[in-house]
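The values are calculated or read from the model by the stated rules, or taken from the named source; none is laboratory data. Because the structure is predicted, anything quoted here is derived from the model rather than measured. Note: ideal-geometry Cβ built from the backbone for every residue, glycine included; neighbour counts use all protein chains shown. The protein model used for the area step is the full one, side chains on, heavy atoms only, and it has no ligands, DNA or RNA in it. Shrake-Rupley method; radii C 1.70, N 1.55, O 1.52, S 1.80 Å.
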Amino acid sequence: MLHFLLIDDSFPINTRNTKILQSLAQHYGKQARISVITWDRAGDYAEPLAGYHVYQKASAYGQKIQKLMNLWGYRQFCHEKINSLKPDVVIASHWNNLLMVPRLNRERQMFIYENLDAPTEAYLIRKTCTMLEHWQMRRVDLTIHASRFYTELYSPKHRQLVLENKPAFPISSVRNYHPHSPLKIAFIGLLRYPEILSVLIDSVRGDERFQLSFHGDGHARKSLEEYAKGEPNVFFTGRYAYEDVASLYQQTDVVWAAYPNKDFNVKYAISNKFHESLAFGVPTIYAEQTRLGEFVEEQHIGVVVDPYSVQSVKTLLNHIATHPKNLEEMSENMQVFHQKQSSWAENFKDVTDCIDQFFKVRET
């Protein structure tokens, strides 16, 4: 039996990590024991969950100083749990959780770094964090990148795989794409970056050609609801279950996936919406001057915009509204492109192959 321990410093853990744990359990079956160390920062952990070890200390999301002040206690909690549980495989999700892992027995314990986001912030802080990240990666046996573009930032000396957050569920059917009137635009996911999403609201404000929906929750939701108050074409539907993603995409004409491109990580990241929109053939808007933005333009499977400019977004939306045939052609391109892509299950097999090889070598 292999004991897998995943560290995710937020509760509930993100959907990607849930998929990873489910895929490990599916692959190894009864030979897998799954544990999670997480941090309940907002008092959401009420019902005990099997295998969960939860650090409970209030630390509001978006309050980085408060989180930093509580980080030492969380680190001690992680060290104590890992030393007592003695897992076979430790998965540190996000670079800062590399610092939460004590010295492991390299002869019998595998250390995996799940690289969700590259260090960001202001230049000097980012450089310091990057140095810490690369220093800690000396202890890592395998790095799993959530974006194909992250590989450009790391030495090939490290063993690396790309596991992008493709939908794990089968796509049973994709609608015969025809835009609605009014055009249905949607943001689907965690509501953050209000400085960007408020630009989107301003871009459709008072324009009856568009219906804008925000599907999801997050620390920016209340401020965005207040900002859009009184706008008859802006809607907030709240938190959704991951199983509902398919129906949300099926009712949407254009997905917004433009993140703040002044952020270093955004320049290299690939959002969930990229793979989800491909799977459902729904045209999507990305931020310009990013590696993903360059890629979708080259492949004709998305459009780009300056996410900080109301005029830029308005110009793009006006073009989209007046050329609906372009959307239909893009949807077709996306579906053809998607059919050529590997699946989550196929990519995850590369991960389990590495794990199996690690322990096979140690057995011999």
Note to self: Here is a check on your reading of the model: is Lys81 modelled with pLDDT of 90 or more and open to solvent by 50 Å² or more (accessible area, probe 1.4 Å)?
What the structure shows: yes
Next item on the list: For Leu132, state whether it is open to solvent by 40 Å² or more (accessible area, probe 1.4 Å), hydrophobic (A, V, I, L, M, F, W, C) and on the phi < 0 side of the Ramachandran plot.
Entry: yes
Item checked: Which numbered condition Leu98 fails, given (1) under 21 Å from the mean Cα position of the chain (by Cα); (2) at pLDDT below 95 -> (2)
Item checked: Spans of strands (runs of 3 or more DSSP E) in the range 221-316 with at least 1 residues surrounded by 21 or more Cβ atoms within 10 Å (Cβ to Cβ) and more than 22 Å from the chain's Cα centre (by Cα) -> 234-238
Notebook entry, point to check: Restricting the search to the range 163-214, which residues are at pLDDT 95 or above, basic (Lys, Arg) and either closer than 30 Å to Gln22 by Cα or outside any loop (DSSP other than H, G, I, E, B) (or both)?
Noted result: Lys184
Notebook entry, point to check: Taking into account only those residues within the range 96-111 that are touching a residue at least 40 places away in the same chain (Cβ under 8 Å) and touching a strand residue (DSSP E or B) at 6+ places or on another chain (Cβ under 8 Å), which is nearest to Val351 (Cα to Cα)?
Noted result: Met110
Notebook entry, point to check: Any idea which residue in the range 185-220 is farthest from the chain's Cα centre (by Cα), counting only those that are over 19 Å from Ala60 (Cα atoms) and of a type in the set (Lys, Arg)?
Noted result: Arg209
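Report, by residue number, each residue of the range 334-364 that is closer than 30 Å to Asn105 by Cβ, out of contact with any helix residue (DSSP H, G or I) (no Cβ under 7 Å at 6 or more places or on another chain) and surrounded by 11 or more Cβ atoms within 10 Å (Cβ to Cβ).
Residues satisfying the conditions are Asn347, Lys349, Asp350, Val351, Asp353, Cys354, Ile355, Asp356, Gln357, Phe358, Phe359, Arg362.
Kindly provide the set of residues from the range 135-152 that are surrounded by fewer than 18 Cβ atoms within 10 Å (Cβ to Cβ) and more than 19 Å from Val296 (Cβ to Cβ), ordered by number.
Trp135, Arg138, Arg139
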Check: Restricting the search to the range 1-51, which residues are in a helix (DSSP H, G or I), open to solvent by less than 80 Å² (accessible area, probe 1.4 Å) and farther than 14 Å from Ala92 by Cα?
Finding: Thr15, Lys19, Ser23, Leu24, Ala25, Tyr28, Gly29
Item checked: All positions within the range 1-47 that are at pLDDT 95 or above and on the phi > 0 side of the Ramachandran plot -> Gly29
